[in-house]
Amino acid sequence: MDKRSGKDGVSVDWILDLINPGTSPSQLTHIYDQICTKYDKNAASLNYEGPAIAAEEIARMIPEEQRQQVRVLDVAAGTGWVGSQLHQKGFTNIDAVEPSGGMMNILNNTGVYTRKYQEFIGFGQCTVAKDSYDVVVVCGSLCRGHIPVEGINYMIQVAKPGGLVVILMRKECLLTAEEYKDKLEAHMDHLQKTNVWQKEVKKTVANYFCGKEGTVFIYRVL
Ligand SMILES: C[S@@+](CC[C@H](N)C(=O)[O-])C[C@H]1O[C@@H](n2cnc3c(N)ncnc32)[C@H](O)[C@@H]1O
């Protein structure tokens, strides 16, 4: 794959290239604060379809007549693409978790989020009330240097029993990123074996990002 395949010559890994193995969560937030005004334009030029696919997958699981009632938490919400796509499908009760103040400012302008939590997931911090959400979604944020495998536990903790945890990520990150390779699915399987959640969907989707495949997981919390 050409590293400069974005329409505007943007590198496929324009964000990951700014991260190295020693980058701390607060340094990552600083990086996002710096690039936040370019995020939407660059992601669009790289044909980032993850948020649209996320909204499609969630809409398939939630009938239209329930979409104004269900509570959705968009984790690592960035500038608010996932919430905006969900809003177009009739979801109106959407909250966000996002550690970068810069990204959060842009998210605020979407007008589709109610409560906003500026925090990291996966490092022990959690100010979101437990058992609160019918749908907890993360999209595009399980990648190198971002959310650790432990972030899954946070998502389960804030979902209601019977709620859905929806995860979308680049397939190559699942298979090759040091953080997730042999670890993420092993953890998910362990949670299934110990009756924490039940897998409802695992599938590969085309054209998730930059014409590359993505992986979608949907689990129901028990
Ligand atoms: C590539 S952006 C994706 C944003 C959005 N979900 C989307 O699809 O456009 C990754 C986001 O993850 C956030 N992030 C990184 N590490 C995080 C963590 N440990 N907990 C929560 N958010 C995190 C970043 O601040 C950034 O906004």
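The values are calculated or read from the model by the stated rules, or taken from the named source; none is laboratory data. Treat the numbers as computed from the prediction; the structure is a model and nothing was measured. With ideal geometry, Cβ positions are generated from the backbone for all residues, glycine too; neighbour counts draw on all protein chains shown. These area figures cover heavy atoms from the full protein model, side chains too; ligands, DNA and RNA do not enter into them. Shrake-Rupley method; radii C 1.70, N 1.55, O 1.52, S 1.80 Å.
Given the range 87-136, what whole percent of its Cα pairs are spread farther than 12 Å?
Details: 825 of 1225 pairs.
Value for the range 87-136: 67 percent of Cα pairs lie more than 12 Å apart.
Principal axes first, then extents: for the Cα atoms of the chain, list largest minus smallest coordinate on each axis, whole Å, largest first.
In descending order, the Cα extents are 43, 38, 33 Å.
Averaged per residue, what accessible area in Å² does the range 48-221 show with a 1.4 Å probe, protein chains only? All intermediate terms of the calculation are to be shown ahead of the outcome.
On the way: 7190 Å² over 174 residues.
Result: 41 Å² per residue.
Sorting check: for 52-65, 19-32, 82-95, which peptide has the highest mean count of neighbouring beta carbons within 10 Å, and how do the rest follow?
Result, highest mean Cβ count within 10 Å first: 82-95, 52-65, 19-32.
Thr176: net charge of surrounding residues, Cβ under 15 Å, Lys/Arg +1, Asp/Glu -1, itself excluded?
-1
How large a share of the accessible area of the chain, in percent, is made up of carbon and sulfur atoms when the probe is 1.4 Å and the other protein chains stay in place?
Of all accessible area on the chain, carbon and sulfur atoms account for 48 percent.
Pairs Lys89/Lys199; Lys89/Lys202; Lys38/Lys130; Lys183/Lys212; Lys41/Lys183: which are spaced more than 27 Å apart, C-alpha to C-alpha? Could the numbers behind the result be given before it?
Details: Lys89/Lys199 24 Å; Lys89/Lys202 22 Å; Lys38/Lys130 34 Å; Lys183/Lys212 22 Å; Lys41/Lys183 33 Å.
Check vs 27 Å cut-off fails for Lys38/Lys130; Lys41/Lys183.
Above 16 angstrom, tally the Cα pairs of the range 23-70 and express them as a % of all pairs, no decimals.
Result for the distance tail: 61 percent.
Please report, in whole Å³, the volume per residue of the convex hull around the C-alpha atoms of the range 140-222.
81
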